[in-house]
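Quick notes on the structure that follows.
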Amino acid sequence: MSKITTELLLERAVPRSTRLRKIETLNLSKLQLKSGDLDPRLFSRLRHLQNLDLSDNLLDKFPNSLTLPDLRVLNCNNNKLEDVTALKQFPLLEELTYENNVSLTLNDDYKVMFLLQNLRLLNGKDITKLANHVRCVNSRKLTSKVTAHWEKFFRDQLPEKHTAEQAKSIKKKFLESVQTNVVHGPSSLSEFTRWRVKMIAEEFLTYSLGLELNTDSEPDEKMDENEEESTENLKEAAEEVDQVTVTPSKRKRNSSKPGSGNKRSKSQANTKAEAEDVSAEPLHFLQCHSKGNSHEDFKTQLWSCVFEPLLDCGARKDPIVSSSRTVATCGGESVCLIDCETGVVLKKYKVATEEFFSVAWTTLTMVIGGSRKKSHNVLAAAGRRGIIKLIHVAADFCYGEIKAHKKPIATICFSPTQETHLFTASYDKRIALWDIGIPDCDYNFKASQLLVLEVLSIPLRIALVPTCPDQYLLAGCEVGCYVWNIKLDKEEKNRPFEAMFQFPGENGGMTTSHRVDGLAFLNDDVIVSKSSKPGCIYLWSWSRSFDTKGKGGQRTLSALILAELEWSTTDLSYLTLSTCPAKDYVFCGDEQGSVWMYNLSNHTSAWRSAKGKRSEKRIPPTQILKWPELHMNGGEQLAEVIINNVVSDPAFTYLVVLTSVNITAIWKKS
């Protein structure tokens, strides 16, 4: 019978507790515990345990499924541990001690530094810098050597058209050879090096060559913060992405213009056109963010997407020529890069313990050797863990991270004028401005926090004012819409908001108590925002609204409404809107899988006039793209689709639609 009981756990809690789920600190030291005494079923009830002391026991290993999702501090001193790889199940671990476990060596120290991405202290020593080197630089060099070994000795041995038996044979020979011949670092770390080389080689065969492995190699979950993780997954084969079937004979809902009846939209290969006035046609429906690459995952929520800027576009200020057809999307544990024309998932980056909420691009001028400089696109991604991941896409390398917030990051954006300046808006009710620095040729970089903007509620969307992006930032929040002065020539680093905007309430008056979950600029002056008032999207003037501040110095300003857009009457929140300024378009999805599109080119000239009056009637959508009837792989119809986000490229050639059912839909303008 196990020595550990519910009563014992409650008694050894610090302080004593009456419920297992309330325990945050637990002392199980000096109980003569063996590994079999750690009952996963009992430990799984310790959902909020953060500090666990197992010192002075008889443990020789950890069970693989203790399920302690919030564990931060673990003391295993004076036990009989022989292996540390099972510690990967505690991804949030920050402090770990296992001194006086005679079987553990320096190689085990390197293994836990690699496996535990949040680890700061190991046996009482700060290992942050060394751990980053192990995960990034060391991994990058080993990957290069493994790849070179394949190219030099094995590539020509595998026929282009090979049998399963040939693949199995070459895999076995390669794994044996690469572990014997690829060496790196001091001999004292040879065991760690062989362990990593085997792991990298298996991933190389699986993801780069498409050769499936039936081995007991370490699962993806531990590959959540290192170059191999980013390398393997940024190169993940397109074959792993499911194309959801579009039924051509009928549609659940159809593409139509308001008042035009139910007219079907065209599809290049899978649907038939019944109307010639359709403005966009569906190209691809991709299931590329599945957890664990599961074909059955229709639950992962997709949140953010942004088109990659072109490096050779000349003047980057021209939106028509400053974007490619490659889009970065995020949701669940992964970030994907997709070619909108072909539907091919070019690269994939995955962190098993993360849920990504936002992505953003910047172009950095990096030193590539000697004094030579070259521009490279860098992708930033952030989400539930409050960490910014920095990915050098051309090198297929996640080169660093910034622990920006202790709570989830809702959204991020780069400054259009300062290439290294990144804004992060978090559930901790703060918006931070970071200088992410420029990595050197070894990917060493220095990040620093420049500003902290204090928010009264959770910021959901942020936007820099186009005419003065270095001076003002707006944020739509859970309660209200605010603006801050972000000029860096001011002394204070922590800043309160400059002003808050009030909007028409449901009772006819003006109110600041509303959720603003959609916010974007249509042009240099016109702001598009969506609030908790059902069925309505507001267009309002930034300059004429903010100018009233100077007339009395008041901090509460009335938004000068130019027009209202007719939209869904749903009260569902967090359905994000977007704009295409070059084409005067606004896009917003709804709770029924539809995309509402508004061409406002006939209205913008009147709004520019200082005497421009508010449009009396709500402006209807120019067109509504209805969600087609889709079937899952087993033939079951895909239902209850919510559109979380809709983004077009700057020229409005492609429209990328992110859903609540793990489907990325790509439409192309006809």
Could you tell me how many of the residues in the range 173-198 are hydroxyl-bearing (S, T, Y), without any contact (Cβ under 8 Å) to a residue 60 or more places away in the chain, open to solvent by 60 Å² or more (accessible area, probe 1.4 Å) and closer than 14 Å to L106 by Cα?
1
Of the candidates V367, V335, the one satisfying the condition of being of a type in the set (A, V, I, L, M, F, W, C) and over 22 Å from V646 (Cα atoms) is V367
When restricted to D524, D517, the only residue closer than 23 Å to A425 by Cβ, open to solvent by 20 Å² or more (accessible area, probe 1.4 Å), within 29 Å of the chain's Cα centre (by Cα) and of a type in the set (D, E) is D524
Looking at F501, is it under 26 Å from Y427 (Cβ atoms), open to solvent by less than 10 Å² (accessible area, probe 1.4 Å) and assigned by the TED database to the domain that holds V646?
yes
Going through T97, T147, T143 one at a time, which residue ends up being modelled with pLDDT under 90, out of contact with any helix residue (DSSP H, G or I) (no Cβ under 6 Å at 6 or more places or on another chain) and among the polar types (S, T, N, Q)?
T147
Scanning for something closer than 20 Å to L121 by Cβ and charged (D, E, K, R), does the range 28-37 turn up at least one residue?
no
When the residues of the range 45-58 are filtered to those that are open to solvent by less than 40 Å² (accessible area, probe 1.4 Å) and more than 20 Å from E354 (Cα to Cα), which remaining residue is modelled with the lowest pLDDT?
L46
Output yes when any residue across the range 417-424 is of a type in the set (F, W, Y), within 16 Å of E478 (Cα to Cα) and in the same structural domain as I388 (by the TED database), and no when none is.
no
Assess whether I462 counts as being touching a residue at least 24 places away in the same chain (Cβ under 8 Å) and either part of a loop (DSSP other than H, G, I, E, B) or more than 26 Å from the chain's Cα centre (by Cα) (or both).
no
Going through the range 366-392 one residue at a time, which ones are under 24 Å from A432 (Cβ atoms) and among the β-branched types (V, I, T)?
V378, I387, I388, I391
When you scan the range 618-626, do you find a residue that is buried (at least 21 other Cβ atoms within 10 Å of the Cβ), at pLDDT below 90 and assigned by the TED database to the domain that holds S545, even just one?
no
Would you say V452 is in contact (Cβ under 8 Å) with a residue 60 or more places away in the chain, among the aliphatic types (A, V, I, L, M), in contact with a strand residue (DSSP E or B) (Cβ under 8 Å, 6 or more places away or on another chain) and surrounded by fewer than 22 Cβ atoms within 10 Å (Cβ to Cβ)?
no
Of the residues in the range 528-549, how many are polar (S, T, N, Q), modelled with pLDDT of 85 or more and surrounded by 15 or more Cβ atoms within 10 Å (Cβ to Cβ)?
3
Which count do you get for residues in the range 472-498 that are open to solvent by less than 40 Å² (accessible area, probe 1.4 Å) and assigned to a strand (DSSP E or B)?
13
Counting only residues in the range 1-15 that are exposed (fewer than 13 other Cβ atoms within 10 Å of the Cβ) and hydrophobic (A, V, I, L, M, F, W, C), the one farthest from R72 (Cα to Cα) is identified as M1
Considering only residues of the range 59-106 that are surrounded by fewer than 15 Cβ atoms within 10 Å (Cβ to Cβ) and of a type in the set (A, V, I, L, M), which is nearest to K407 (Cα to Cα)?
L106
Would you check which residues across the range 153-180 are closer than 28 Å to F192 by Cβ and β-branched (V, I, T) and list them?
I170, V178, T180
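Okay, residues lined up against (1) open to solvent by less than 40 Å² (accessible area, probe 1.4 Å); (2) hydrophobic (A, V, I, L, M, F, W, C); (3) under 18 Å from F90 (Cβ atoms):
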| position | (1), (2), (3) |
| --- | --- |
| S17 | yes, no, no |
| L28 | yes, yes, yes |
| K34 | no, no, no |
| L38 | yes, yes, yes |
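The values are calculated or read from the model by the stated rules, or taken from the named source; none is laboratory data. The structure presented is a predicted model; accordingly, all values stated were derived computationally and were not measured. With ideal geometry, Cβ positions are generated from the backbone for all residues, glycine too; neighbour counts draw on all protein chains shown. All accessible areas refer to the heavy atoms of the entire protein, side chains included, with ligands and DNA or RNA removed. Shrake-Rupley method; radii C 1.70, N 1.55, O 1.52, S 1.80 Å.
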